[in-house]
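Enquirer: Here you go, one structure.
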Amino acid sequence: MNTESIINNKKIILDNFNKGKYEKVIKLGKKFLKKNNDFQVLYALGVANLTLKDYLEAEKIFRNITLLKPNAENYYIYGNIHKQLKNYNEASEYYLKAINLKSDYSEAYNNLGNTKFKLGFINDAIKNYQQAIKFNNKNIPAYFNLAHVYSEEKNFDDLKKVLQDVLKFDENNTTALNDLGYLNLILGNVDEGRKLFERVINIDDKHIRAFKNYFLITKVDKDNEFLKKLEQIDLSKVNDEDKIFAYTSLSKCNFDLNKSDLALKYLDESHKIKRIKSNFNIQTEKKLFEKIKSIFEQNLNESAEYNDNLNTTPIFILGMPRSGTTLLEQVLSSHSNIHGAGELNYLPKIIDKIKLDKLQNFVSFIKTIRSEYYKKVSQLTNKKFVIDKLPMNFRWIGFIVKAFPEAKIIHIHRNPMAICWSNYRINFPDPGMDFSLSQKNTAKYYILYDDLIKFWSKNLNERIIHISYESFVNDFEKETYNLIKKLGINWEENLKNYNKNIRPVQTASLLQVRGSIKKNTSDEWKKYKDHLKIMQETLDSAKIKY
């Protein structure tokens, strides 16, 4: 190939690159590079593969590029490729190389924070996000990444400050306003939260997440102006996630308006979209529950020796979601010796990391749970007790008992149909809750839960405090007094004023627990019983009474 031809072919490749015709760049570029060494074409080929999300091919090419031209930008891109491939250690290494060559590289600090967060190095992640902001005080992704970490760590003071910092230089940033609004809900400032959601919608009348949050705390009438705005949005033009939020909001509004048929229709539309992307399989859940029982039965008589003394004793409040766990925590955390930490994901993360299918040494397993869990939870409070009210911890009761002989375990149960109906009508962000996307799977999951609780009760009944939600709300003071006695602590009059407890609440019950206790809510499902026949028939098949 003569020089003129080489130049001409290179020009064609780079022209296609500049026009965004990346498939053509790859086809022509590969052919060209077989006969010619050319850095520009190699770079174009690497970027083309990266843009088309062929990360494996991009990794091979940029490995060579960083050897040929080891500058900060190329190391940064190579780090991004490794991040996409979930090679977080390698990604961190190349972000650091980029920073060593360019000490004020804000974007590299931000993505280094992302990889550190993925690797579980929370403090390192925070420091890197802060460095990203230091070198570019308008690095929006770094602000929101830092906000996400603070939210995960329940560090609400610093979360609030980060969001306010964004608004200092971008006063109409709707994401920051919406997130600040939701933070106000968590902290109990409902009116302030509502004002912020209204402000977002007035800036952007298609901001569906702000609509979702607004309707979460607002009972609407037919003249509500924001409902009219939501109804005017063409949902065919929004992404699936926002469609889900819109349909669940429209469902909630129509329940407020007593338009049950329309409310249930919108709810079904929301569930349909989520089911398409969901990986939930009830048989997989059934196998997990059987595995849990099998492991416990095989190690029933196994125990570990613990020499450490816990300064803070965990109280696990568990049961099916929507069974009253948030209310129970709100009441108990009004006691001066009890810190309500909310729904902690510590325990399932530790167990998931160990992998039940590969479990070989049970004693080592429960010792790991104790050390890793307590290391995290002890940082939350100096009080005598700390509440972890993640409902789905009911799966791990046997492991909790073995790892924490000191722990208090409170299981709250409620009318099965009340639970199933309440789960079915909530839009849970956690994919682990996708059983609630159909009536049948909601009821089938309840059956699995019921069977596992009976198993734990048979083997560990003396360690579990069982509470009936209906009894609790019908005679709140008597039930609370009896529960406090079982926990082995003294009664305090402040327990009666649980609704004045200003601690953060992050669950779907955040509004209810700040008001007075409502009785007879377990009967609300009956208004929709003609629409819930599949749910009832499934429970009937397992002889579950409701």
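The values are calculated or read from the model by the stated rules, or taken from the named source; none is laboratory data. Treat the numbers as computed from the prediction; the structure is a model and nothing was measured. Cβ atoms come from the backbone with ideal geometry, glycine included; neighbour counts cover every protein chain shown. Side chains are part of the model used for accessible areas, which takes the heavy atoms of the whole protein and leaves out ligands, DNA and RNA. Shrake-Rupley method; radii C 1.70, N 1.55, O 1.52, S 1.80 Å.
Enquirer: Working only within the stretch 336-357, note down all residues that are small (G, A, S) and open to solvent by less than 60 Å² (accessible area, probe 1.4 Å).
Expert: From the stretch 336-357, those small (G, A, S) are 336, 340-342; that's our starting set.
The answer is G340, A341, G342.
Enquirer: Any residue in the stretch 145-173 that's under 19 Å from K195 (Cβ atoms): show its pairings with residues that are surrounded by 13 or more Cβ atoms within 10 Å (Cβ to Cβ) and among the acidic types (D, E) at Cβ separation under 6 Å, as long as the two are six or more apart or on different chains.
Expert: L163/D179
Enquirer: Contact list please: Cβ distance under 7 Å, first residue in the stretch 51-80 and touching a residue at least 12 places away in the same chain (Cβ under 8 Å), second residue among the charged types (D, E, K, R) and open to solvent by less than 80 Å² (accessible area, probe 1.4 Å), pairs at least six apart or on different chains.
Expert: These pairs meet every condition: Y75/K97.
Enquirer: Right, D540: at pLDDT below 95, of a type outside the set (S, T, N, Q), under 20 Å from M320 (Cβ atoms) and open to solvent by 40 Å² or more (accessible area, probe 1.4 Å) or not? Quick ask: steps written out before the conclusion?
Expert: Numbers: at pLDDT below 95: no; of a type outside the set (S, T, N, Q): yes; under 20 Å from M320 (Cβ atoms): yes; open to solvent by 40 Å² or more (accessible area, probe 1.4 Å): yes.
Here the answer is no, as D540 does not meet what is asked.
Enquirer: While we're looking at this one, here's another question. Of the conditions (1) within 28 Å of L33 (Cα to Cα); (2) without any contact (Cβ under 8 Å) to a residue 24 or more places away in the chain, E93 fails just one. Which one is it?
Expert: (1)
Enquirer: For the stretch 290-304, give me each residue that is of a type in the set (D, E) and either farther than 20 Å from D450 by Cβ or open to solvent by 100 Å² or more (accessible area, probe 1.4 Å) (or both).
Expert: Within the stretch 290-304, E297, E302 qualify.
Enquirer: So is E192 over 24 Å from N111 (Cβ atoms), without any contact (Cβ under 8 Å) to a residue 12 or more places away in the chain and either assigned to a loop (DSSP other than H, G, I, E, B) or of a type in the set (G, A, S) (or both) or not? Full working, then the answer.
Expert: Values: over 24 Å from N111 (Cβ atoms): yes; without any contact (Cβ under 8 Å) to a residue 12 or more places away in the chain: yes; either assigned to a loop (DSSP other than H, G, I, E, B) or of a type in the set (G, A, S) (or both): no.
So E192 does not fit the description; no.
Enquirer: Any idea which of T326, T284 is without any contact (Cβ under 8 Å) to a residue 40 or more places away in the chain and not in a loop (DSSP other than H, G, I, E, B)?
Expert: T284
Enquirer: Quickly run through the stretch 305-331 and pick out the residues that are surrounded by 15 or more Cβ atoms within 10 Å (Cβ to Cβ) and farther than 28 Å from Y424 by Cβ.
Expert: Those that are surrounded by 15 or more Cβ atoms within 10 Å (Cβ to Cβ) and farther than 28 Å from Y424 by Cβ: Y306, L310, T312, T313, P314, I315.
Enquirer: Residues of the stretch 214-225 being under 16 Å from F255 (Cα atoms) and in a helix (DSSP H, G or I), which ones? Write out each step before concluding.
Expert: Going residue by residue through the stretch 214-225, those that are under 16 Å from F255 (Cα atoms) are 214-224.
Scanning the stretch 214-225 gives Y214, F215, L216.
Enquirer: Name every residue in the stretch 263-289 that is open to solvent by less than 40 Å² (accessible area, probe 1.4 Å) and of a type outside the set (A, V, I, L, M, F, W, C), in order of residue number.
Expert: From the stretch 263-289, those open to solvent by less than 40 Å² (accessible area, probe 1.4 Å) are 263-264, 267, 270-271, 273-274, 278, 282, 285, 289; that's our starting set.
Answer for the stretch 263-289, where residues must be open to solvent by less than 40 Å² (accessible area, probe 1.4 Å) and of a type outside the set (A, V, I, L, M, F, W, C): S270, H271, K274, S278, E285.
Enquirer: Condition first: over 20 Å from the mean Cα position of the chain (by Cα), within 25 Å of N173 (Cβ to Cβ) and open to solvent by 50 Å² or more (accessible area, probe 1.4 Å). Can you find one or more residues in the stretch 96-110 that meet it? Break it down into steps so the answer makes sense when it comes.
Expert: Residues of the stretch 96-110 that are over 20 Å from the mean Cα position of the chain (by Cα), as a first pass: 96-110.
Filter once more, so that each one left must be within 25 Å of N173 (Cβ to Cβ): 104-110.
Of the ones still in play, those that are also open to solvent by 50 Å² or more (accessible area, probe 1.4 Å) are 104, 107.
Yes, because at least one residue in the stretch 96-110 is over 20 Å from the mean Cα position of the chain (by Cα), within 25 Å of N173 (Cβ to Cβ) and open to solvent by 50 Å² or more (accessible area, probe 1.4 Å).
Enquirer: Of all the residues that make up the stretch 238-262, how many are charged (D, E, K, R) and open to solvent by 50 Å² or more (accessible area, probe 1.4 Å)?
Expert: Selection size over the stretch 238-262: 5.
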